[in-house]
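Student: Quick one: structure below, then a few questions.
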Amino acid sequence: MIESFFKDLRQSLRMFWQSRGFTAAAVAALALGIGANTAIFSVVNAVLLKPVPFPDPDRLVLLQTTSPQGVNGGGSPAKFMHYREQSEVIRDAAAFNTGVVNYTSGAFPEQLRSGRVSADFFKLFGAPILKGRTFSAEEDRPDGDRVVVLSYRVWARRFDSDPDIIGKTISLSSNPYTVIGVMDPSVDFQELVPDPEVWLAFQFDPNTKDQGHYFRVAGRLAPGVSLEQANARLKLSSADYTQKFPTALGQNTVFEAQPLREALVTNVRSSLLVLVGAVSFVLLIACANVANLLLVRATGRRREIAVRAAIGAGRGRIMRQLLTESVVLSLAGGLLGTILGFIGIRALLAVNTAGLPRIGQDGSLVGVDWRVLLFTLAVSLGTGIIFGLIPAVQGSRADLSSTLKESAGRSGTGFRQNKARSLLVVVEVALALILLIGSALLIRTAVALGGVDPGFDARNVLTMRMSLTGPRFLKSEGVEQMVRDGVERLRAVPGVVAASATCCVPLQGGYGLPFVVVGRPLPPDGPFHGGGSWVTISPGYFDVFKIPLKRGRAFTERDTQQAPGVVIINETMARRFWEKGDPLSDRLVIGRDVMREFAAEPERQIIGVVGDVRNGGLNNDPGPMMYIPQAQVPDAANALNVSLTPISWVVRTQVEPRSVSEAIQEQLRQASGLPVSNVRTMSEVVSTSTSRQQFNMWLMTVFGACALLLAAIGIYGLMAYSVEQRTQEIGIRLALGAPAHQVKNMVVRQGMVLTIVGVAVGLVSAFLLSRFVASFLFGVQARDPLVFVVVPIVLTAVAFVAVWLPARRASRIDPIIALRAE
């Protein structure tokens, strides 16, 4: 058996070497299909299939709340303490988030990325320590010692790998911290806390009532407890939490645990699965193409196969030889495809990672492992069998008597072979049309997003972040004084038009808080009238972004902490909560009964209404927004904000923003004595916000282009072969007086009938499948009439060119030469 297999293998390699043109065409088509599938699967493997790199990964869960409005994955200090109390179902509950701190021990301050965690974080996720230890429970309390754990990289870079670093004191944000540990270089928390350089303890108060959501909470299912049992217990505990904090949970809101891996990929799972389906179509088209090539080749080998059968080769033996040839082809295509696919996906991710989780910086975690290799091998073998089966079955059915009597020129013109090849072409056209419609819908989505008015002017705006943690900035007055000084310096920089500071740059997230309209009766279903985004800004913010003031006035330097409280709302909030009344006649109280940091929140007079900003993304409608002057933020809230989120400077320039970036940074350093980071233009921020849509569009466009090319090649190949096989018949027609255009039309008609059938099948299939891409579209319907009309026309036109070329050749056949060939 093994000896027979090696004979088949040697025979296959010999024949492929003798037919190098056929081999190159088949391997190229397969490499395209298998390579595209390998590329997408390597991303799916990294994002969806690999277990999270932590101990006992299947029992790790993310703790969150769910309501009819959706899922809230954020955690508050009060909720975190509640989760810790559910120890019968959840163990080692740990809080974590990211931030920045200033290293102030050196000659010049330096921003360091920080990981804020609770004491059980390292126990939960099994982080190895190179030196020292991690936080103790006592150090994670409000009165605990200030201690810090260093990353291996910052220990090596900033402290020259000092072996005696443990116990030394360093200054972070002007506060002394004792180094108690150095993380092992193998530690990778990229999926949870991206690339921290220092680790600090949260130090939550066990008796806290704080309902501010600014971190996430994870835990491990208790031994013997299933996810369903844990969720049942957490749901019951929601009533206890509501009784303790009546305003903390909304109506029909409950606690829930979600497997950590699922929580990390929830937002991308469906889009990746759609891409898997799309790239599978490319592979099927490639299979159909190669199957057609093999059918043509098998037709030319009918006499050879008949001779083999005549001297004793059984049908099974012949099928095995033909299948061996197809599998060898597919393995060669799979090898080349794996190389091309890996290079292609890494190049694409280096340009645009689309915000995909779990892939590392520039896609560094997307690689070839045993899953990818096993997938490629399975696809290659399966592909070889699929596209080789029809030619093998048909080739082994040769009628010995008729085949051996046929002349070589007439061999293989049977109805069965042409029917199979025609069917494969119809399938290619149908699959190509589905992919082209999908890519056209995503292209229209990208165009629609590009035409969306974000509510602000991103041109010539530069943004950068500055960490203000430290005693100097615990009160709003200190922040506002520094902001005023900074803005004044920035306005003096040549080329700067306007400058301001804010907690939250548009499209980069922010805070949400509920509000009460003073004097208005509360609704029966809750203690608030509504909620919206809460954004702190300094005067000049609306000028920087050219956000129009619709009514009232903007903030001025007179809106200080001693002045009456004021707030500006956007048009969406005005329409939603003041359908008939005048918002400028009302006052708001924001977040007072939700977070202790807002206990001193004053009543704020609404002094203005500004245009809407699509803060949640260009593909989302604007929500209610409340703008607060930085000078009037309650001191407790200010202290929390600056400890969690760096302030953002926003500057409008008359020139290209990057050209004055260094001058701007220098002025800010002089104003604050602090460094800035994350310097980006607002145009880059807008581009990043649509990166996933752009990623999907480019991939689908590539798939659609490949499908169109393969379909055109398939149609051309079938018609060219048909003309070659019918050369004598066409010669006779021409010799008997048939006009050349009649012959041309005959060939065109045959090819276009197959195209139209494929287009019809593809249209129906695309119409049924369009609902799977509906959630990825914006500004276009899933069954957009323009797309469903234009794309079939384009495909038909390409098919016509592919048919017209062999038809033109048929009309120029010399009858004398054709008849002599007989």
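Student: Restricting to region 242-259, count the residues that are at pLDDT 90 or above and surrounded by 17 or more Cβ atoms within 10 Å (Cβ to Cβ).
Tutor: First pass over region 242-259, keeping only residues at pLDDT 90 or above: 254-259.
From the residues that got through so far, the ones that are surrounded by 17 or more Cβ atoms within 10 Å (Cβ to Cβ) too are 254-258.
Going through region 242-259 one residue at a time, the tally reaches 5.
Student: Of the numbered conditions (1) open to solvent by 40 Å² or more (accessible area, probe 1.4 Å); (2) out of contact with any strand residue (DSSP E or B) (no Cβ under 9 Å at 6 or more places or on another chain); (3) in contact (Cβ under 8 Å) with a residue 60 or more places away in the chain, residue 137 fails exactly one; give the number of that condition.
Tutor: (3)
Student: How many residues, within region 500-516, are open to solvent by 20 Å² or more (accessible area, probe 1.4 Å) and either of a type in the set (Phe, Trp, Tyr) or farther than 26 Å from residue 76 by Cα (or both)?
Tutor: Going through region 500-516 one residue at a time, the tally reaches 1.
Student: With out of contact with any Gly (no Cβ under 7 Å at 6 or more places or on another chain) and under 25 Å from residue 472 (Cβ atoms) as the only criterion, which of 89, 71, 148 stands out? Can you show your working first?
Tutor: Working: 89 fails: under 25 Å from residue 472 (Cβ atoms); 71 fails: under 25 Å from residue 472 (Cβ atoms).
Checking each option against the conditions leaves just 148.
Student: Another question, then. Hey, could you check region 140-172 for residues that are acidic (Asp, Glu) and either touching a helix residue (DSSP H, G or I) at 6+ places or on another chain (Cβ under 8 Å) or open to solvent by 50 Å² or more (accessible area, probe 1.4 Å) (or both) and say which is farthest from residue 104 (Cα to Cα)?
Tutor: First, pick out the residues of region 140-172 that are acidic (Asp, Glu): 140, 143, 145, 160, 162, 164.
From what's left, either touching a helix residue (DSSP H, G or I) at 6+ places or on another chain (Cβ under 8 Å) or open to solvent by 50 Å² or more (accessible area, probe 1.4 Å) (or both): 143, 145, 160, 162, 164.
Values: 143: 23, 145: 19, 160: 17, 162: 18, 164: 20 Å.
Once the filter is applied, the top-ranked residue is 143.
Student: Is there a residue in region 570-579 that is surrounded by 19 or more Cβ atoms within 10 Å (Cβ to Cβ), part of a strand (DSSP E or B) and not hydroxyl-bearing (Ser, Thr, Tyr)?
Tutor: Yes; the residues of region 570-579 include at least one that is surrounded by 19 or more Cβ atoms within 10 Å (Cβ to Cβ), part of a strand (DSSP E or B) and not hydroxyl-bearing (Ser, Thr, Tyr).
Student: Out of 656, 729, 684, 724, which single residue is modelled with pLDDT of 85 or more, among the acidic types (Asp, Glu), over 23 Å from the mean Cα position of the chain (by Cα) and open to solvent by 30 Å² or more (accessible area, probe 1.4 Å)? Don't jump to the end; show me each part of the working.
Tutor: On the way: 729 fails: modelled with pLDDT of 85 or more; 684 fails: over 23 Å from the mean Cα position of the chain (by Cα); 724 fails: modelled with pLDDT of 85 or more.
Matching residue, one of 656, 729, 684, 724: 656.
Student: For region 552-572, which positions are of a type outside the set (Asp, Glu) and in contact with an Asp or Glu (Cβ under 9 Å, 6 or more places away or on another chain)?
Tutor: From region 552-572, those of a type outside the set (Asp, Glu) are 552-556, 558, 560-570, 572; that's our starting set.
Once the filter is applied, which keeps residues that are of a type outside the set (Asp, Glu) and in contact with an Asp or Glu (Cβ under 9 Å, 6 or more places away or on another chain), region 552-572 yields 554, 560, 561, 564, 565, 566, 570, 572.
Student: Let me ask another. Counting only residues that are surrounded by fewer than 15 Cβ atoms within 10 Å (Cβ to Cβ) and touching a Lys or Arg at 6+ places or on another chain (Cβ under 7 Å), how many does region 179-226 have?
Tutor: Number of matching residues: 1.
Student: I'm trying to understand the selection: among the residues of region 28-70, which are open to solvent by 30 Å² or more (accessible area, probe 1.4 Å) and touching a strand residue (DSSP E or B) at 6+ places or on another chain (Cβ under 6 Å)?
Tutor: Hit for region 28-70 is 59, nothing else.
Student: Looking only at residues that are surrounded by 19 or more Cβ atoms within 10 Å (Cβ to Cβ) and of a type in the set (S, T, N, Q) in region 272-294, which one is modelled with the highest pLDDT?
Tutor: 289
Student: Can you pull out every residue in region 759-787 that is open to solvent by less than 30 Å² (accessible area, probe 1.4 Å) and within 22 Å of residue 428 (Cα to Cα)?
Tutor: Within region 759-787, 759, 762, 766, 770, 773, 787 meet the criteria.
Student: Right, here's the next one. Just one of (1) open to solvent by less than 20 Å² (accessible area, probe 1.4 Å); (2) more than 17 Å from residue 644 (Cβ to Cβ); (3) part of a strand (DSSP E or B) trips up residue 497, so point out which.
Tutor: (1)
Student: Right, here's the next one. If residue 104 satisfies all but one of (1) modelled with pLDDT under 90; (2) within 33 Å of the chain's Cα centre (by Cα); (3) of a type outside the set (Phe, Trp, Tyr), what's the number of the condition it fails?
Tutor: Unmet condition: (2).
Student: Consider residue 193 carefully, then state whether it is closer than 26 Å to residue 637 by Cα and among the hydrophobic types (A, V, I, L, M, F, W, C). Steps first, answer last, please.
Tutor: On the way: closer than 26 Å to residue 637 by Cα: yes; among the hydrophobic types (A, V, I, L, M, F, W, C): yes.
The answer is yes for residue 193.
Student: Something else about it: Quick check on my filter: what residues within region 671-681 are over 14 Å from residue 499 (Cβ atoms) and out of contact with any Lys or Arg (no Cβ under 6 Å at 6 or more places or on another chain)?
Tutor: Taking region 671-681 first, the residues over 14 Å from residue 499 (Cβ atoms) are 673-675, 677-681.
The answer is 673, 674, 675, 679, 680, 681.
Student: Residue under question is residue 264, and the condition is that it be in contact with a Pro (Cβ under 8 Å, 6 or more places away or on another chain), surrounded by fewer than 21 Cβ atoms within 10 Å (Cβ to Cβ), at negative phi and not in a loop (DSSP other than H, G, I, E, B); does it hold? Full working, then the answer.
Tutor: Details: in contact with a Pro (Cβ under 8 Å, 6 or more places away or on another chain): yes; surrounded by fewer than 21 Cβ atoms within 10 Å (Cβ to Cβ): yes; at negative phi: yes; not in a loop (DSSP other than H, G, I, E, B): yes.
When the stated conditions are applied, residue 264 passes them.
To keep it simple, each residue is scored yes or no on (1) more than 34 Å from the chain's Cα centre (by Cα); (2) farther than 23 Å from residue 652 by Cα.
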| site | (1), (2) |
| --- | --- |
| 458 | no, no |
| 463 | no, no |
| 473 | yes, yes |
| 480 | yes, no |
| 485 | yes, no |
| 489 | yes, no |
| 501 | no, no |
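Student: Next question. Could you pull out the residue among 515, 456 that is aromatic (Phe, Trp, Tyr) and out of contact with any strand residue (DSSP E or B) (no Cβ under 9 Å at 6 or more places or on another chain)?
Tutor: Checking each option against the conditions leaves just 456.
Student: Follow-up. Go through (1) in a loop (DSSP other than H, G, I, E, B); (2) within 20 Å of residue 632 (Cα to Cα); (3) of a type outside the set (Lys, Arg); (4) free of Cβ contacts under 8 Å to residues at least 40 places away in the same chain for residue 584 and report which single condition fails.
Tutor: Going through the list (1) in a loop (DSSP other than H, G, I, E, B); (2) within 20 Å of residue 632 (Cα to Cα); (3) of a type outside the set (Lys, Arg); (4) free of Cβ contacts under 8 Å to residues at least 40 places away in the same chain, residue 584 breaks only (1).
Student: Same structure again: When the residues of region 610-650 are narrowed to those that are assigned to a helix (DSSP H, G or I) and of a type outside the set (A, V, I, L, M, F, W, C), which ends up surrounded by the fewest Cβ atoms within 10 Å (Cβ to Cβ)?
Tutor: Start the filter on region 610-650 by keeping residues that are assigned to a helix (DSSP H, G or I), which leaves 630-632, 635-644.
When the remaining residues are screened for being of a type outside the set (A, V, I, L, M, F, W, C), the result is 630, 632, 635, 638, 641, 643.
Values: 630: 25, 632: 23, 635: 16, 638: 26, 641: 24, 643: 19.
Only one residue fits best here, namely 635.
The values are calculated or read from the model by the stated rules, or taken from the named source; none is laboratory data. A quick note: this is a predicted structure, and the numbers were derived from the prediction, not measured. We place every Cβ from the backbone using ideal geometry, glycine too, and count neighbours over all the protein chains shown. Areas reflect the complete protein model, heavy atoms only, side chains present, ligands, DNA and RNA absent. Shrake-Rupley method; radii C 1.70, N 1.55, O 1.52, S 1.80 Å.
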